[in-house]
Amino acid sequence: MLYLEFESADGKVRTAYGFNDAWLERSTSQSAWLEVSVNGVQRIPKLVSDGALVATAAGSTAYARSMGASPLLADTPAWLLVGSNVMEPAHWRSALMSTDSTVEIRNLSPEHRPVEAFVDGHSMGEVVAFRARISRAAAAELAFCASHDMADKIAAIQFQTAN
């Protein structure tokens, strides 16, 4: 599970838990200008994109995959940070995060380029900053059908062959 904090323009912070993913996306026709930090270290000073997403292994096969990230096996001890339609920095698409990482995404121009936050598809409204990490309190236990090997399904996605 993801633990998420959302900061509004008035400085109020709301929290939420997410099973699959959480993301920011532009609220207007203009690209979002976002600053990305990991563990307090600025990693992308200006991400120009339609938004950015964090995803657990469970969420990596959905929206994160459609953004170009490789899906993770359910038991992978990692999570993803993915850009949506990234213009700058050129060619950056995604990063694999360790389970002890904290990601902060801050809107560089909230007055002119507002962004809206979502958790598992539910709107959290417009925000100026977003912090995410793997939850230390909430977790989910998954069960799989023995006749459907999830590792085989992920491998089929990762190593598609032309027919």
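The values are calculated or read from the model by the stated rules, or taken from the named source; none is laboratory data. Since the model is a prediction, treat every value here as computed from it, not as a measurement. When we count neighbours, we look across all protein chains shown, and the Cβ atoms used for this are built from the backbone with ideal geometry, even at glycine. Areas reflect the complete protein model, heavy atoms only, side chains present, ligands, DNA and RNA absent. Shrake-Rupley method; radii C 1.70, N 1.55, O 1.52, S 1.80 Å.
Scan region 61-80 for residues that are under 20 Å from H91 (Cβ atoms) and either open to solvent by less than 40 Å² (accessible area, probe 1.4 Å) or acidic (D, E) (or both) and the total you get is 4.
For region 40-60, filtered to residues that are of a type in the set (V, I, T) and part of a strand (DSSP E or B), the residue that is surrounded by the most Cβ atoms within 10 Å (Cβ to Cβ) is V54. Scanning region 78-109 for residues that are touching a strand residue (DSSP E or B) at 6+ places or on another chain (Cβ under 8 Å) and not in a strand (DSSP E or B) gives N85, V86, M87, P89, W92, R93, T99, D100, S101, L108, S109. Look at region 29-42: where a residue is free of Cβ contacts under 8 Å to residues at least 40 places away in the same chain and a partner is acidic (D, E) and in a strand (DSSP E or B), sitting 6+ places away or on another chain with Cβ atoms under 8 Å, you get Q42/E35. Here A90 passes the criteria (1) touching a Pro at 6+ places or on another chain (Cβ under 9 Å); (2) without any contact (Cβ under 8 Å) to a residue 12 or more places away in the chain except the one numbered (1).
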